[in-house]
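In what follows, a single structure is set out as structure tokens and then discussed.
The values are calculated or read from the model by the stated rules, or taken from the named source; none is laboratory data. Only a predicted model underlies this, so the values are computations on that prediction, with no experimental measurement involved. Methodologically, a virtual Cβ is constructed for each residue, glycine included, from the backbone with ideal geometry; neighbour enumeration extends over all protein chains shown.
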Amino acid sequence: MLETHKMDTALWWIRRDLRLGDNQALAAALDQAGTVIPVFVYDSKRLMAPPAPGYKPLAFLAEGLRRLDADLRARGSRLIFRAGESATQLACLLAETGAGAIWAEEEIAPAQREHDAKLAETLPLCLAGGLTIHPPDAVRRAGGRPYAVYSPYRRAWQALPATGLVLAAPARLPVPPTVASRPILDELTLPAGVPFRPGETEAHHRLQAFSEGSSPAIFRYAELRDRLDLDVTSQLSPYLRHGMISARQAAAGASAAAEVASDDEARQGVDAWLAELIWREFFVSVLYHWPDVTKQSFNPRLRQVSWHADQEGFDAWCRGRTGYPVVDAAMRQLAHTGWLPNRARMIAASFLVKDLMIDWRWGERWFMEQLIDGDQAANNGGWQWVAGTGTDAAPYFRVFNPVTQGRRHDPAGTYVRRWLPELARVPDTYVHAPWQMPAEMQQAAGCVVGRDYPAPIVDHALARDRALAAYSHAWQAGNGRSGP
DNA sequence: TTTTGAGTTGTTCGA
DNA sequence: GTCGAACAACTCAAA
């Protein structure tokens, strides 16, 4: 067997892969070098927003890094923290330690890719896969062009040969040399309302709870995943986002569950959940091949929709005060926990885009600021899908009715009452449309619309017609190749 | 090249 | 209350 040249020291540059198990960048570094130095560079210019009170995404990352440091220390290593511009800090560390390579997980966000490409011109940056199970370049149609529709993408994805086995976490790690490490974001902690503790261990506990045992939730996922009043989703997204579990590990868990599934319903549950992982990879692929989706509609014909710059409506939406309970419950859950189930995301997003006619990019940005699982590819894909402007978009006449959606996916009003205590005593019949209560009933329920809970800020039926007209107009006007 | 089938997640209307 | 059709036409992907 050929021995590759073994260098003394390599850096393991951690960005969004905060795990030791199934980490291809770490494995490659360990394979190549005797000493591997784990390093995280906090580049405040590149990491979304500055620390602010109640800013949950950065707090989740900060606590996740502390957790990773503890996991590294348990194996004899530790995390080196640096703050500043990445290239400068990495260059310093290379000089200080004599390291000959920097290993990192390949990114797909356009800005990050450009940054990496530039950095690689002067520094020995080596990239490994692992963000997705199949890299964007691997899933292409005949002729090499990328897929712009999910279903054929999924068929092609599933037809690919299985990727390598999940890599075990190293039991021991080399002791890094003594170099300066300044604690960063030390003051940031997650607010009490966030029901997610970061870390690899927690991620695996959640995957097990979801997929193992005699009758795990994944078996009923296809049937119940849209129910807002039940907690039947895996809630793994924050962990996938920060690489506290790899997509390959998650898929392996689902596959193991499929092997013990004894009926069709169970198998459908596993399939439906795997399909969500494939959606994640699809949106990664879309962002990789069409980086402009971050700036404008994928569909050129819908780049001129007459959005309303409605700051007042946007604020009401952000604060959960639109007067539509299921929308408001979702927005308050988001503000409180930094997370939302997918159904709630769609309902809230549809309301902003279709009922308020507000540019989907406003909502996209708000979600990125609020979500601890905020991922540029998935978030953009989801918003463009709801807005009907994306790759595989819903027909534009598909407008969610917030009352119908509420009644269907939260039949007893449990979800809306959890987040909107002012609706606690509103009868089930009216809990998704409290303005329809007779006046005396509002008094009796302690929920007078306009006093205790907002009146609807738009009439949905009118708003729906307005949206259909605006989209129809944009669609016709977009016919003549009149770009921006 | 041409043709054909298909396309996550919905709502409303009228029988 | 339930059910099926209509809602537009277009683009993608593959044969």
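A few points about this structure:
- Unmet requirement for A:R197, which otherwise passes all of (1) without any contact (Cβ under 8 Å) to a residue 60 or more places away in the chain; (2) surrounded by 13 or more Cβ atoms within 10 Å (Cβ to Cβ); (3) more than 16 Å from DNA strand B (Cβ to nearest atom): (1)
- In segment A:122-148, the residues that are away from DNA strand B (no atom under 16 Å from the Cβ) and farther than 20 Å from A:R19 by Cα: A:T122, A:L123, A:P124, A:P136, A:D137, A:A138, A:R140
- Among the residues of segment A:462-482, not a single one is buried (at least 20 other Cβ atoms within 10 Å of the Cβ), of a type outside the set (D, E, K, R), at pLDDT 90 or above and not in a helix (DSSP H, G or I).
- Of all the criteria given as (1) within 16 Å of DNA strand C (Cβ to nearest atom); (2) outside any helix (DSSP H, G or I); (3) more than 30 Å from A:L30 (Cβ to Cβ); (4) touching a helix residue (DSSP H, G or I) at 6+ places or on another chain (Cβ under 7 Å), the one not satisfied by A:G143 is (4).
- Residue within segment A:324-343 that is within 15 Å of DNA strand B (Cβ to nearest atom), among the charged types (D, E, K, R) and in contact with a His (Cβ under 8 Å, 6 or more places away or on another chain) present: yes
- Of A:V449, A:V416, A:V426, all but one fail to be at pLDDT 95 or above, more than 13 Å from DNA strand B (Cβ to nearest atom), assigned by TED's automatic domain parsing to the domain that holds A:R343 and touching a Cys at 6+ places or on another chain (Cβ under 6 Å); the exception is A:V426.
- Complete set of residues in segment A:353-406 that are charged (D, E, K, R) and either assigned to a loop (DSSP other than H, G, I, E, B) or within 16 Å of DNA strand C (Cβ to nearest atom) (or both): A:K354, A:D359, A:D373, A:D375, A:D392, A:R398
- So A:T122, is it more than 26 Å from the chain's Cα centre (by Cα), part of a loop (DSSP other than H, G, I, E, B) and either surrounded by 15 or more Cβ atoms within 10 Å (Cβ to Cβ) or not assigned by TED's automatic domain parsing to the domain that holds A:E281 (or both): yes
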